[in-house]
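Visitor: Supplied in structure tokens, the structure appears directly below.
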Amino acid sequence: MLEINNLKATIGTTEILRGLSLSVKAGEVHAIMGPNGSGKSTLAQVIAGHADYEVTDGTVTYKGSNLLELEPEERAREGIFLSFQYPVEIAGVNNAYLLKASMNAKRKHQGLEEIDAFEFLKLAKEKMALLGMDPKFLNRGVNEGFSGGEKKRNEILQMAMLEPSLAILDETDSGLDIDALRAVAEGVNSLRTPERAIILVTHYQRLLDYIEPDFVHVLSEGRIVRSGDKSLALQLEEKGYDWVREAATG
Amino acid sequence: MKSRHFSMDALGDAIARLPDDRLTAIRNAAFAHLREHGLPTKRDEDWKYTDLAPLVDIGNQWLDLGDDVTPQADSSDVSDPIQKSIDADWLLISNGQVDANSIAALAQDGVTVELLSKHDSTANFSAPLTDLNSALLRDGLRITVDANHSIKRPIGILVVDIAATAASLSQIRADVIVGANSTLDLIEYHASSGEGEHYANSVINLTLEDNARANWVRIQDRDRAHNQTGRTAVTLGRDSQFHHCAFDFGGRLIRNDLAVDIAEPGSAAVFDGLYLAGEDQHIDNHTRVDHRVGPATSQQEYRGVLTANARCVWNGKAIVHEGADGTDAEQANHNLLLSDKAEIDAKPELEIYTDDVKCSHGTTVGQLDETSLFYLRTRGIDIVGAKQILTTAFAQTIVSKLPVESPRESLAELVSARLSRMLEAVVK
Ligand SMILES: Nc1ncnc2c1ncn2[C@@H]1O[C@H](COP(=O)(O)OP(=O)(O)OP(=O)(O)O)[C@@H](O)[C@H]1O
Ligand SMILES: [Mg+2]
């Protein structure tokens, strides 16, 4: 589904991704861990198409085509979804309006009709109930005045409505209370089908108890320095990142 | 070559051709005043950014035609679906002529609508463009709301100009009095069409008696090649409340003056405005509030979105006169500048001659937030759509303040339609 090969990306004059390779197949869940500032969010933003990052080398292939040629909105319509580490507040734009506009943009791209207003509302309420969100959030501004945890739930609501092929969750677990963590994990697990893939960026082993990854990668200084199965996360919890760094260089 | 002055002889002839009625005296007085003082030029501080020369030029061309009677359009010529969808009792002024049928059709208890020429008027030389208006006035509206009366349905003034000749000029006038303890909701809608050049000059005089309230919405959606100057002069009685909400979508050269005089204590004035300006548009809003006594409040917020080579001006003047203690004046002006070639001159002016006052002002000029744009795009919205969503939200702030309910939906539509046209033009 996603093939990243020797990816290098810079912002301004600083190189942040320094030859990163990663292969994600349909049906898989990958966890990416790594110290602060190692480039995890950068990777997520580059995949989503942020224009501030310049890709200087390497390739990214998504569903067999060159992803880097697509505009961010085209990537979204092709099924890529990024749950932001810091979801953006958009004052004055109705949450339900954005949800509907996103769904319709994707449906149009797929040659489908716009979603019926009644269907939309029914679906939204269903997903919100699953995530423990009050339906009142539909009529608020997008993330406007939402608490940290509410914003994260709202990202997952968007994901649940859009049913992406490739979901990238950038620290969606940070700032969530126990119930929210469980609800978000359920939301993610319900998307776990043989056709979809999920990339989880996280600092905490705890999330991986709820969503069991097939692979765990450690990102350090813009490169994947170690990959393994879920037991790698447990080892990291125990030994910290220095252990991997040393192993990588040593 | 554009002239800065009206050809006074031709103007005198045009005035002489108007019917001899109870307006004749003020026409002549205003003409004499105009002749002596002329129209403002860019050398006048208040007209620094707006040049009337092209409008004077249209006026002179029209005078050359010697065609003082422009054919009157009836309301069936007005094919503005947005205006039609706004619920109100509509009075019609087309090509500067008041439609008597629309007056006759208006039957609301406690509201009297007449032709201005039914009464003697006293000339007031408050502004040069008011002189021009009085001098060339064919007729106007006089609307009176009785004391202790709240109107049941908004009154609409539909101003339509159909520019059928090469150049035409129209004068629009309404004098409105809201009696003590009464409420008026009024919607003023300006539209125009036609291939010719056009300049409309409108004057509204509004008086609020004690404890009266006026909710006034002005919507200007003229043809993008036509021009308008408009002056709304308001006098506020004791404990009266005035809320003005102005929208400018169309026009090439537009200049609005809103002047509010607080001569009695206890009143509250709110003015909000929105201007959406694209290619070749020049929209200038000048507001002035005179706090002569306190306590009283004035609050204003104007917002603008500019694309292409649009040029806008916002100048908000609040004068707190000596002894106007307990004045609270607030001014805000926010602009989104979506092109390098667009330009805004935003200037708050506070002149304070007393101590016990609370005044604040703030102006901002900015671009759309890149992070928000990217966020929307990652949700599948294309760049034009994302800009449309963000600018609409910005503009909607003003629509949401509307003091009259009936134009709300139509305005929301007008705003998003206009913004999408402006933004699509940017992409091409
Ligand atoms: N605009 C920028 N200019 C310069 N450096 C930047 C810019 N944006 C990001 N960086 C740097 O890039 C590096 C990687 O940042 P990134 O956000 O990808 O880290 P991360 O792995 O997601 O960290 P965290 O775990 O704290 O979220 C950091 O050192 C950061 O300071
Ligand atoms: Mg990060």
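Visitor: Counting only residues that are within 8 Å of chain B (Cβ to nearest Cβ) and either of a type in the set (Lys, Arg) or part of a loop (DSSP other than H, G, I, E, B) (or both), how many does the stretch A:101-127 have?
Guide: 1
Visitor: Taking A:Leu162, is it facing another protein chain (nearest Cβ under 10 Å) and either under 22 Å from B:Asp382 (Cα atoms) or touching a residue at least 40 places away in the same chain (Cβ under 8 Å) (or both)?
Guide: yes
Visitor: With respect to B:Ala225, determine if the residue is outside any strand (DSSP E or B), of a type in the set (A, V, I, L, M, F, W, C) and over 14 Å from the mean Cα position of the chain (by Cα).
Guide: Spelling it out, B:Ala225 is indeed outside any strand (DSSP E or B), of a type in the set (A, V, I, L, M, F, W, C) and over 14 Å from the mean Cα position of the chain (by Cα).
Visitor: State the number of residues belonging to the stretch B:381-407 that are touching a residue at least 60 places away in the same chain (Cβ under 8 Å) and either touching a helix residue (DSSP H, G or I) at 6+ places or on another chain (Cβ under 8 Å) or closer than 23 Å to B:Leu338 by Cα (or both).
Guide: Of the residues in the stretch B:381-407, 7 are touching a residue at least 60 places away in the same chain (Cβ under 8 Å) and either touching a helix residue (DSSP H, G or I) at 6+ places or on another chain (Cβ under 8 Å) or closer than 23 Å to B:Leu338 by Cα (or both).
Visitor: Grab the strands (runs of 3 or more DSSP E) fully contained in the stretch B:139-197, keeping just those with 1 or more residues being at pLDDT below 95.
Guide: Counting at least 1 such residues, we get B:155-162, B:167-178, B:183-193.
Rundown of residues vs (1) within 30 Å of B:Gly196 (Cβ to Cβ); (2) without any contact (Cβ under 8 Å) to a residue 40 or more places away in the chain; (3) not in a strand (DSSP E or B), yes/no style:
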| residue | (1), (2), (3) |
| --- | --- |
| B:Phe242 | no, yes, no |
| B:Gly251 | yes, yes, yes |
| B:Arg303 | no, no, no |
| B:Ile319 | no, yes, no |
| B:Asp328 | no, yes, no |
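Visitor: Out of A:Leu82, A:Leu67, A:Leu43, which single residue is away from ligand 2 (no atom under 16 Å from the Cβ), modelled with pLDDT of 95 or more, under 30 Å from A:Arg223 (Cβ atoms) and of a type in the set (A, V, I, L, M)?
Guide: Of the residues listed, the single one that is away from ligand 2 (no atom under 16 Å from the Cβ), modelled with pLDDT of 95 or more, under 30 Å from A:Arg223 (Cβ atoms) and of a type in the set (A, V, I, L, M) is A:Leu67.
Visitor: Give the stretch A:22-40 a look and list any residue that's within 16 Å of ligand 2 (Cβ to nearest atom) and among the small types (Gly, Ala, Ser), or say none.
Guide: Selection gives A:Ala31, A:Gly34, A:Gly37, A:Ser38, A:Gly39.
Visitor: Also, quick follow-up: Take B:Asn309 and tell me if it is in contact with a Pro (Cβ under 8 Å, 6 or more places away or on another chain), free of Cβ contacts under 8 Å to residues at least 60 places away in the same chain and within 22 Å of B:Lys48 (Cβ to Cβ).
Guide: It is false that B:Asn309 is in contact with a Pro (Cβ under 8 Å, 6 or more places away or on another chain), free of Cβ contacts under 8 Å to residues at least 60 places away in the same chain and within 22 Å of B:Lys48 (Cβ to Cβ).
Visitor: Just give me the residues in the stretch A:191-212 being of a type outside the set (A, V, I, L, M, F, W, C) and either without any contact (Cβ under 8 Å) to a residue 40 or more places away in the chain or surrounded by 22 or more Cβ atoms within 10 Å (Cβ to Cβ) (or both), in sequence order.
Guide: A:Thr202, A:Tyr204, A:Gln205, A:Arg206, A:Asp209, A:Tyr210 - these are the residues of the stretch A:191-212 that are of a type outside the set (A, V, I, L, M, F, W, C) and either without any contact (Cβ under 8 Å) to a residue 40 or more places away in the chain or surrounded by 22 or more Cβ atoms within 10 Å (Cβ to Cβ) (or both).
Visitor: Can you tell me how many residues within the stretch A:1-21 are closer than 25 Å to B:Gly380 by Cα and within 16 Å of ligand 2 (Cβ to nearest atom)?
Guide: Residues in the stretch A:1-21 being closer than 25 Å to B:Gly380 by Cα and within 16 Å of ligand 2 (Cβ to nearest atom): 2 in total.
Visitor: Given the structure, is B:Gly316 over 20 Å from B:Glu301 (Cβ atoms), surrounded by 16 or more Cβ atoms within 10 Å (Cβ to Cβ) and touching a Pro at 6+ places or on another chain (Cβ under 7 Å)?
Guide: Criteria not met by B:Gly316.
Visitor: If A:Val29 satisfies every condition in (1) within 16 Å of ligand 1 (Cβ to nearest atom); (2) β-branched (Val, Ile, Thr); (3) modelled with pLDDT of 95 or more but one, which is the exception?
Guide: In the conditions (1) within 16 Å of ligand 1 (Cβ to nearest atom); (2) β-branched (Val, Ile, Thr); (3) modelled with pLDDT of 95 or more, A:Val29 misses (1) alone.
Visitor: Among the strands (runs of 3 or more DSSP E) lying completely within the stretch A:38-100, list those that include at least 3 residues that are at the interface with chain B (Cβ under 9 Å from one of its Cβ atoms) and either closer than 19 Å to A:Arg196 by Cβ or away from ligand 1 (no atom under 16 Å from the Cβ) (or both).
Guide: Working: elements: A:53-62, A:80-83, A:90-94.
Those strands (runs of 3 or more DSSP E) span A:80-83, A:90-94.
Visitor: Does any residue in the stretch A:5-16 that is more than 14 Å from chain B (Cβ to nearest Cβ) come within less than 9 Å, Cβ to Cβ, of a residue that is within 6 Å of ligand 1 (Cβ to nearest atom) and not in a loop (DSSP other than H, G, I, E, B) six or more places away or on a different chain, and which pairs are these?
Guide: Filtered contacts from the stretch A:5-16: A:Lys8/A:Ile16; A:Ala9/A:Ile16; A:Ala9/A:Thr42; A:Thr10/A:Ile16; A:Ile16/A:Thr42.
Visitor: How many of the residues in the stretch B:350-376 are surrounded by 14 or more Cβ atoms within 10 Å (Cβ to Cβ) and away from every other protein chain (no Cβ under 14 Å)?
Guide: Within the stretch B:350-376, residues that are surrounded by 14 or more Cβ atoms within 10 Å (Cβ to Cβ) and away from every other protein chain (no Cβ under 14 Å) number 8.
Visitor: So, in the stretch B:392-415, of the ones that are under 20 Å from B:Gly250 (Cα atoms) and surrounded by fewer than 17 Cβ atoms within 10 Å (Cβ to Cβ), which residue ends up nearest to the other protein chains (Cβ to nearest Cβ)?
Guide: In this case the residue turns out to be B:Thr397.
Visitor: List the number of the failed condition for A:Leu130; all other conditions in (1) more than 16 Å from ligand 2 (Cβ to nearest atom); (2) among the aliphatic types (A, V, I, L, M); (3) crowded, with 17+ Cβ neighbours inside 10 Å; (4) more than 14 Å from chain B (Cβ to nearest Cβ) hold.
Guide: Status for A:Leu130: all satisfied but (3).
Visitor: Additional query: One residue is enough: does the stretch B:129-141 have a residue meeting the conditions surrounded by fewer than 17 Cβ atoms within 10 Å (Cβ to Cβ) and in contact with an Asp or Glu (Cβ under 8 Å, 6 or more places away or on another chain)?
Guide: There is no residue in the stretch B:129-141 that is surrounded by fewer than 17 Cβ atoms within 10 Å (Cβ to Cβ) and in contact with an Asp or Glu (Cβ under 8 Å, 6 or more places away or on another chain).
Visitor: Here is a follow-up. Could you pull out the residue among B:Val305, B:Val270, B:Val289 that is among the β-branched types (Val, Ile, Thr), crowded, with 20+ Cβ neighbours inside 10 Å and more than 30 Å from B:Lys341 (Cβ to Cβ)?
Guide: Every option except B:Val289 fails the conditions.
Visitor: Out of the helices (runs of 4 or more DSSP H) lying entirely within the stretch A:145-235, which hold 1 or more residues that are away from ligand 1 (no atom under 16 Å from the Cβ), hydrophobic (A, V, I, L, M, F, W, C) and touching a Phe, Trp or Tyr at 6+ places or on another chain (Cβ under 9 Å)? Steps first, answer last, please.
Guide: On the way: elements: A:148-162, A:178-190, A:205-210.
Correct list: A:148-162, A:178-190.
Visitor: Based on what the data block shows, is B:Asp257 among the charged types (D, E, K, R), surrounded by fewer than 22 Cβ atoms within 10 Å (Cβ to Cβ) and in contact (Cβ under 8 Å) with a residue 24 or more places away in the chain? If you could, list the steps in order and put the result at the bottom.
Guide: On the way: among the charged types (D, E, K, R): yes; surrounded by fewer than 22 Cβ atoms within 10 Å (Cβ to Cβ): yes; in contact (Cβ under 8 Å) with a residue 24 or more places away in the chain: yes.
So B:Asp257 fits the description; yes.
The values are calculated or read from the model by the stated rules, or taken from the named source; none is laboratory data. Owing to the predicted nature of the structure, the values given are computational and were not obtained by experimental measurement. All Cβ positions, even for glycine, are placed from backbone atoms using ideal geometry, and neighbour counts span all protein chains on display.
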